[in-house]
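K.L.:
Would you mind keeping the following structure in view while I ask a few things?
The values are calculated or read from the model by the stated rules, or taken from the named source; none is laboratory data. All figures in this text were calculated on a predicted structure; none of them were measured in a lab. With ideal geometry, Cβ positions are generated from the backbone for all residues, glycine too; neighbour counts draw on all protein chains shown. Protein only, heavy atoms only, side chains kept; ligands, DNA and RNA dropped before computing areas. Shrake-Rupley method; radii C 1.70, N 1.55, O 1.52, S 1.80 Å.
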Amino acid sequence: MDTLFRLVSLQSADQSFNTNNNNNNNNNNTTSRTSSSSRSSKHTSNTTNNNYHHYHQEEECSNFFMDEDDFSSSSSKQFYPYHHHLTPPSTTTTTTTTTTATGGAATPTHTNTSITSSSTHHHGAFDQQQQQHDHHQFSSSSFSPAPAPDLNLDFTSGKWASDLLLETGRAIADKNSSRVQQLMWMLNELSSPYGDTDQKLTAYFLQALFSRMTDSGQRCYQTLTSASEKNCSFESTRKMVLKFQEVSPWTTFGHAASNGAILEAFEGESKLHIVDFSNTYCTQWPTLLEALATRTDETPHLRLSTVVTATRGSMATMQKVMKEISNRMEKFARLMGVPFKFNIVHHTGDLSNLNFSELDLQDDEALAINCVGTLHSVPPVANRRDVVLSMFRQLQPKIVAVVEEEADFDVGVDGFEFVKGFQECLRWYRVYFESLDETFSKTSNERLMLERAAGRSLVDLLACPAAESVERREVADRWSYRLRSTGFNPVGYSDDVSDDVRALLRRYKEGWSMTHSSDVPGIFLTWKDQPLVWASAWKP
């Protein structure tokens, strides 16, 4: 199974990566995660402990970056990444909240939608500490005495946030500013980024909606992104990716499917070149290197070109992270005995203006293009996505692997189109947050990082222009249409690849499954029957 860089355990390995690992791993029942492919299954063991996966001290291939605290994280820090101030309305009705002993978060227990003003609410999107925030403040004079008395929300259903947020979205689409302000005050009172799924959804959607209403979406997104990048390091990235792959197949599903398709397309080839457009920090490739090392014929030469897209402000940070990744990838390939060359192409902007000559393609190399979670980062304007796919077609690859999250985030400017896109955002992000809630511990730092990333993406989707958006996903049917229109034909996954993906999913908690569709090629990762990720393979 794919994780962030594995390294064969040698006595001469760096001391900073083995002493703590041995101490930590002695305490765990284990599952070897060396490969999701049957080609290298002889290197793995599949012992599970409470449906979670830990690394065995004596396994042949251990993770590149394991530290003693990789599987136990807690957070005593509680801060909300982007606060605004909202002046409370004057009202005499009340809403009671209680704090549970287990969750530690305020949970609404009322049966009506009335609220009371409060100056001690610390976790909402509007914080008292931001009283001097710039323009577009709400004032109490614009509120009616009884905010939104007609909602009749059912707080016992466990999904009150979706109803309340959707009502807010409709009010925004209708340009009903008075009702919007009433509803947003209610959302502020009920939200917490440290509560249950509904409270988290409310907190992050509220942040995005407030940015939309105050026309501050781009500024808010830049602020959140800059704050995240300041805290970004190789170490924090490593821990987040490792933990996410340990408890969820969200990324490893696409890795397993794409690796299988690429390996089959490369069968019999001696010189290979993979151009990697992905957002998973090269975590896909240790498994593929392992599989190449176990081929029965001569081990082929592999060249891996990873295209890293970043903003100008974040380029320096990404260069540091990728330099460390490069060193470890090359070390791993040497230990696997695979002739290997690793090249990093740093690119500012989206892929539609990438200079493909930087990839240094060679005629005697079999080429594969790998796109995991990156095509949607190309803004869906001026046919940019079709331009990128057409450029892929001109490179004449043997295979193109495409993995995208299954969602239609075409959020319109206003009216029905906005409500339609907003409703899809509610559906998809609820499933995402619920899956995180059920797979991570309540005090996981890594889960908090993923949730904050989701909050940033919501600001991008709901409060930033489409021409600047890097988060607008499309459904598999739309991607299939684009690929066919630009000269690609689908390649079905073999039974071996499908079996490998199913075996991968069995290592995780119950609820994950793989499905097919008669309407589009490829396979889907589902969480409790909700499609979340689509994987497919194509050839010119």
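K.L.:
Pick out, in residue order, every one of the chymotrypsin sites (Phe, Trp or Tyr not before Pro) in the stretch 168-262 that is DSSP loop and has at most 15 other C-beta atoms within 10 Å; say none if there are none.
P.N.:
none
K.L.:
Between the stretch 196-232 and the stretch 241-271, how far is it from one alpha carbon centroid to the other, in angstrom?
P.N.:
That distance is 32 Å.
K.L.:
With every protein chain kept in place and ligands, DNA and RNA left out, what is the accessible area per residue of the stretch 398-540? Probe 1.4 Å, answer in Å².
P.N.:
39 Å²
K.L.:
With every protein chain present, what is the per residue accessible area of the stretch 219-301 (1.4 Å probe, Å²)? If you can, show how the numbers build up before the last one.
P.N.:
Values: 2660 Å² over 83 residues.
Ligands and nucleic acids excluded, the figure is 32 Å² per residue.
K.L.:
Further question on the same structure: Could you give each residue of the stretch 223-237 its phi-based ³J(HN,Hα) in whole Hz, using Karplus coefficients 6.51, -1.76, 1.60 with θ = phi - 60°, and x for Gly or Pro?
P.N.:
After applying 6.51 cos²θ - 1.76 cosθ + 1.60, I find 5, 5, 5, 4, 4, 5, 5, 5, 9, 7, 8, 4, 5, 5, 5 Hz.
K.L.:
Determine ³J(HN,Hα), in whole Hz, for all residues of the stretch 267-278 in sequence, where each value follows from phi through the Karplus function 6.51 cos²θ - 1.76 cosθ + 1.60 and θ = phi - 60°; x replaces Gly and Pro.
P.N.:
After applying 6.51 cos²θ - 1.76 cosθ + 1.60, I find 4, x, 8, 9, 10, 10, 9, 10, 9, 9, 10, 8 Hz.
K.L.:
For the stretch 425-523, build the charge dipole from Cβ charges (+1 Lys, Arg; -1 Asp, Glu) around the Cα centre, then report which of 492, 443, 505 sits farthest towards its positive end.
P.N.:
443
K.L.:
Gain in length, residue 529 to residue 509, computed as 0.36 nm per residue apart minus the alpha-carbon separation, to one decimal in nm? Please report the intermediate quantities before stating the final value.
P.N.:
Numbers: separation 20, 0.36 × 20 = 7.20 nm, distance 1.41 nm.
Taking residue 529 through residue 509 to full extension adds about 5.8 nm, to one decimal.
K.L.:
Would you check the accessible area of residue 516, probe 1.4 Å, heavy atoms only, in square angstrom rounded to 10?
P.N.:
Around 110 Å² of this residue is reachable by solvent.
K.L.:
Report the extension gain between residue 301 and residue 496 in nm, rounded to one decimal, defined as 0.36 nm multiplied by the number of residues separating them, less their alpha carbon distance.
P.N.:
67.8 nm
K.L.:
Beyond 16 Å, what share of the Cα-Cα pairs of the stretch 191-255 is found? Please give it as a whole percent.
P.N.:
66 percent
K.L.:
Full extension from residue 356 to residue 320: what is 0.36 nm times the residue separation minus their Cα-Cα distance, to one decimal in nm? Let's see the in-between values first.
P.N.:
Values: separation 36, 0.36 × 36 = 12.96 nm, distance 2.30 nm.
Between residue 356 and residue 320, full extension yields 10.7 nm more.
K.L.:
Follow-up. Give the shape of the stretch 439-540 as rounded, prolate or oblate, defined through the alpha-carbon gyration tensor: a ≥ b ≥ c are the square roots of its eigenvalues, a/c under 1.5 means rounded, and otherwise the shape is prolate if a/b is larger than b/c and oblate if not. The partial results should precede the final answer.
P.N.:
Details: a/c = 2.70, a/b = 1.14, b/c = 2.38.
Oblate, because a/c is 1.5 or more while a/b does not exceed b/c.
K.L.:
Can you pull the one-decimal nm distance between simple spin-label points at residue 539 and residue 226, each 7 Å off the Cα toward Cβ?
P.N.:
Between residue 539 and residue 226, the label points sit 4.9 nm apart.
K.L.:
With r defined as the distance between the Cβ atoms of residue 395 and residue 178 and R0 fixed at 56 Å, what FRET efficiency is calculated, to the nearest 0.05?
P.N.:
0.50
K.L.:
Can you list the HN-Hα couplings for the stretch 471-478, worked out from phi with the Karplus curve (6.51, -1.76, 1.60; θ = phi - 60°), rounded to whole Hz and with x for Gly and Pro?
P.N.:
Each residue's phi maps through the Karplus curve to give 10, 7, 5, 10, 7, 4, 4, 6 Hz.
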